[in-house]
Amino acid sequence: MATTVSASTLNGRHHKAALTVFMVIVVAHWGEHLVQAVQVYVWGWPLSEARGVLGLPFPWLVTSEWMHYGYALLMLVGLVLLRKGFAGRSRTWWNISLGIQVWHHMEHLLLLGQKLSGLNLMGRPVPTSVLQLFLPRMELHLFYNAVVFAPMVVAMVLHRRASEHAGAACTCAVAH
């Protein structure tokens with residue numbers, strides 16, 4: 001018989017496991033962006049050849065707006081679903097990450113809309129997000145991933161402290 005995980009158990013007894021799975025996905029994605037930056041800035045590869053780790057054998061991953069949008073949506077859904085497990089200051093930091101991801105998601109939705117319609121922002125030759133008008137795409141996504149990831153890490157560190165865990169229904173806290 002299959003078992004299902006409800007929102008209350010996801011943010012209760014399964015919170016630690018769900019956070020672990022979510023963070024493995026987030027760190028793997030963050031790692032892809034960092035590898036791409038190393039390929040460009042350390043190894044001197046042209047941007048067109050710097051595709052991260054997975055993009056080398058699967059180059060379509062780098063150019064797929066669907067894949068990028070899907071990841072942005074997955075991040076948004078994960079941040080929303082796991083939010084109720086946080087309390088106090090850790091919830092505040094998680095909310096900061098969520099707020100930034102809402103904007104990041106909207107940027108990817110804008111990119112996907114341009115790709116599907118063929119109508120690019122300000123007549124640009126390729127789909128362009130709002131902040132891409134000011135920053136190159138690779139550097140912008142390094143920035144986005146950093147500013148979503150940093151408050152998420154702060155939230156998780158605080159969440160693991162027993163002294164900060166009042167009001168949380170999960171078993172993530174570590175006694176010190």
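The values are calculated or read from the model by the stated rules, or taken from the named source; none is laboratory data. From a predicted model like this one, the values you see are computed outputs, not experimental measurements. All Cβ positions, glycine included, derive from the backbone under ideal geometry; neighbour counts span all protein chains shown.
How about the range 43-85: which of its residues are of a type in the set (Phe, Trp, Tyr) and in contact (Cβ under 8 Å) with a residue 40 or more places away in the chain? TRP66, TYR69, TYR71, listed by residue number. The criterion of being crowded, with 16+ Cβ neighbours inside 10 Å, over 22 Å from LEU142 (Cα atoms) and modelled with pLDDT of 95 or more does not hold for LEU10.
Of HIS141, HIS159, all but one fail to be in contact (Cβ under 8 Å) with a residue 40 or more places away in the chain, of a type outside the set (A, V, I, L, M) and either more than 19 Å from HIS104 (Cβ to Cβ) or not in a helix (DSSP H, G or I) (or both); the exception is HIS159. The condition (being closer than 25 Å to MET156 by Cα, surrounded by 14 or more Cβ atoms within 10 Å (Cβ to Cβ), modelled with pLDDT of 90 or more and over 18 Å from the mean Cα position of the chain (by Cα)) is satisfied by just one residue among ARG83, ARG89: ARG89.
Taking the conditions (1) out of contact with any helix residue (DSSP H, G or I) (no Cβ under 6 Å at 6 or more places or on another chain); (2) assigned to a helix (DSSP H, G or I); (3) not aliphatic (A, V, I, L, M) in turn, GLY167 satisfies each one other than (2). Taking each residue of the range 20-40 that is farther than 17 Å from VAL147 by Cβ and looking for partners that are modelled with pLDDT of 95 or more and surrounded by 17 or more Cβ atoms within 10 Å (Cβ to Cβ) with beta-carbon atoms closer than 8 Å, six or more apart or interchain, yields PHE22/GLY78; PHE22/LEU82; ILE25/GLY78. Taken over the range 59-111, residues that are closer than 28 Å to THR9 by Cβ and assigned to a helix (DSSP H, G or I) amount to 30.
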